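In what follows, a structure is listed as structure tokens, so that the remarks can point back to it.
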Amino acid sequence: MASRQQDISDARAPTESLLAPVDNSLRPPTGAPNQLLTEQDVEERLAKTIEPPDGGWGWVIVFCSFGLHVILDGITYSFGVIFVALLEDFQGGKGDTAWILSIFVGVTLGTGPLASALVNRYSCRTVSIVGAVIGAVGFIISPYAPAMWYLYISFGVIGGIGFGLVYLPAIVIVSYYFEKRRALATGLACCGSGFGTFIFAPLSAYFIEEFGWKQTCFLLAGIILQCCVLGALLRPLPLVDNTETLEAVNQTQQNGKLSGETQGDKPKPSGSHVRSKVSLNIASISSLNNQHVTGHQLKQHIPLHRKDVFYSGSLHNIPLYTQNKADYITSNMSLVHSLHQVKTPQTNTKQPATCFERFTHSFKSFIDFSLLTDWGFLLFLISNIFTNLGFNAPYIFIPDRAIEYGIKPKAAAFLLSILGIANTIGRIVFGYLADTSYIKPQRLHLYSTGLVLTGLCTAFSSFESHKAQIAYAALFGFFIGGYVSLTAIILVDLLGVDKLTSSFGLTLLVQGVFVLIGPPIAGWLYDATASYTWSFASIGGSIAISGFMLYFLPLLSRLQHKRITKHDTDMGVRIGVHSKQEIEDEEVNLKDSSAKESDNKS
């Protein structure tokens with residue numbers, strides 16, 4: 001045992017061995033292969049093995065994620081400052097110039113499925129470093145643009161791909177390290193978005209005033225490369241070797257019984273049942289590390305092996321997590337088996353033979369088009385279409401509109417800083433309200449109301465005074481913060497945590513497509529009317545409609561007569577849930593249907 005632990009320690013870097021030592025408490029004592037295990041013993045050991053540390057190096061991860069959000073979102077949401085400089089240099093229309101950021105943000109969001117597959121195949125550390133380099137290259141080659149179309153490719157496509165490859169690891173890595181304190185950790189990390197906008201808006205304005213937009217691109221590229229440093233700290237979470245646990249189960253199977261096989265009048269499960277369950281879990285985890293089951297040695301977690309990796313709320317909101325943590329973890333880890341199938345004696349499932357097959361498995365797991373048959377989720381996606389038609393446009397046009405209203409360029413740029421700080425406050429407030437006992441059952445209405453208020457204040461924001469523009473920037477940032485912070489939580493309320501990864505992937509895809517066309521449409525309206533009044537009215541109307549239609553989501557879910565079982569409610573489904581008696585009746589009907597199907601097959 002001592003030599004095994006020494007070998008593991010020597011194989012790791014000195015820092016890793018100090019910060020993440022092997023937990024010896026998870027291993028059976030010496031002579032464990034001869035020890036009989038109960039199923040509860042096995043489940044407890046497996047649960048401990050895959051439990052995030054909720055601290056330690058995790059706080060370094062939170063700091064790194066915070067820094068990545070500062071850089072990524074700070075540069076993205078301060079583009080309105082660069083937008084003004086590009087208008088002056090290329091003398092293009094506002095609609096054509098707005099395509100630059102639209103393509104950039106659209107590609108960033110659309111890269112989500114690709115980034116998820118790469119993270120599963122490699123790691124958050126590797127993908128984020130490569131993404132930072134690609135993003136920096138996009139900014140470095142942008143100053144050599146002979147025309148606007150060049151910026152569509154250099155800044156929009158290349159820069160967008162780079163940012164997308166950094167953005168997803170920055171989100172999922174925090175959930176990877178935290179479970180009990182996840183809401184706090186993700187909240188702290190995502191606050192970097194608002195702080196980044198606060199910092200980079202005036203910083204970009206200063207750079208442009210002193211050096212011009214071309215030199216500013218070089219300076220921003222240097223800042224983007226700092227993501228490589230932060231990404232290098234996103235090290236994978238090491239796992240202990242469960243070989244001894246499996247050997248103990250093997251011994252249990254050979255003896256043909258579990259220790260204490262009978263207790264009272266309740267028979268214990270057989271050894272083969274436990275072995276099957278353990279083998280499935282260990283093989284599933286092992287497959288993510290691109291290994292065969294031989295040895296059943298667990299090297300490290302892969303972030304997207306968890307179905308709740310995009311869930312930013314407290315896991316105590318998931319009933320199954322509070323009722324039976326071991327069952328929750330087993331269910332939550334079942335995504336692994338679908339991502340990378342391995343051949344086991346029990347299932348005879350074949351492991352994909354090539355890296356390409358594993359890559360495509362990971363990619364497909366992130367996009368599940370069968371969810372489109374759910375009317376409630378389909379309405380949610382339509383709502384997201386209208387939201388993203390207007391979401392990014394204010395970040396682009398607020399500074400330019402303020403300058404047209406006679407506000408000085410530095411003061412106009414500072415409006416984005418106000419928006420960023422208000423956005424941070426909004427995320428915190430909406431996140432807190434969504435977790436209160438009074439609002440939790442109705443947080444869909446909190447989400448939709450925030451969108452309606454965002455739309456209304458945008459539609460009626462064309463007042464030329466400086467104070468009015470400050471008030472609008474603050475209100476927009478605050479209310480849109482609820483949309484950003486609650487999207488994943490609402491998806492869990494609608495579909496359950498076990499469908500979060502695939503539903504979130506589809507949502508990102510829709511956002512990426514429709515965020516492309518929103519700002520150019522608003523820009524073309526200005527080009528046609530020579531005024532921002534109709535542009536902001538259309539932006540606000542689109543966002544308000546997106547929130548208003550969500551008030552009907554619970555009704556639509558009920559009209560579909562969707563089967564909501566106890567498993568669904570255990571996984572966090574709240575929207576469209578029937579009474580407890582109706583759920584119990586549905587469970588009985590499902591069992592009867594399953595029994596009839598079995599009889600027909602036999």
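The values are calculated or read from the model by the stated rules, or taken from the named source; none is laboratory data. The shown structure was predicted, so the numbers you read here are calculated from the model rather than taken from an experiment. Counting neighbours? That spans all protein chains shown, and the Cβs are built from the backbone with ideal geometry, glycine included. Heads up: the accessible areas ignore ligands, DNA and RNA and are worked out on the full protein's heavy atoms, side chains in. Shrake-Rupley method; radii C 1.70, N 1.55, O 1.52, S 1.80 Å.
Overview of values
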read-out	value
Calculated from backbone phi, Karplus (6.51, -1.76, 1.60) coupling profile of segment 390-395 in Hz, x at Gly/Pro	x, 4, 8, 4, x, 4
Surface accessible to a 1.4 Å probe, per residue, for the residues of segment 74-203, Å²	29 Å²
Modelled label reach - Ile425, point 7 Å along Cα→Cβ, segment 166-207 residues with backbone N closer than 20 Å	187-202
Residues of segment 403-463: accessible area per residue with a 1.4 Å probe, Å²	46 Å²
Relative contact order (%) - criterion: Cα under 8 Å, at least six apart; region: segment 84-156	44 percent
Theoretical gain in end-to-end length, Ala528 to Leu378 [0.36 nm per residue, Cα-Cα removed]	50.6 nm
Rounded percent of accessible protein surface that carbon and sulfur make up, segment 63-117, 1.4 Å probe	62 percent
Phi to ³J(HN,Hα) by Karplus 6.51 cos²θ - 1.76 cosθ + 1.60 over segment 492-499, Hz, x for Gly, Pro	5, 4, 8, 10, x, 5, 6, 10
Of all accessible heavy-atom area on segment 396-500, the percent that carbon and sulfur account for (1.4 Å)	71 percent
R0 of 51 Å, Cβ-Cβ distance Phe460-Val229: FRET efficiency to nearest 0.05	0.70
Gap separating the Cα centres of segment 397-449 and segment 89-159, nearest whole Å	25 Å
Largest to smallest accessible area among Cys227, Cys190 [probe 1.4 Å]	Cys190, Cys227
Estimated distance in nm for a label pair at Asp54 and Glu88, the labels positioned 7 Å out from Cα along Cα-to-Cβ	5.4 nm
Solvent-accessible area, 1.4 Å probe, carbon plus sulfur percent, for segment 131-196	80 percent
Using θ = phi - 60° and Karplus 6.51 cos²θ - 1.76 cosθ + 1.60, couplings along segment 148-163 (whole Hz; Gly, Pro as x)	4, 4, 4, 5, 4, 7, 5, 7, x, 7, 5, x, x, 4, x, 5
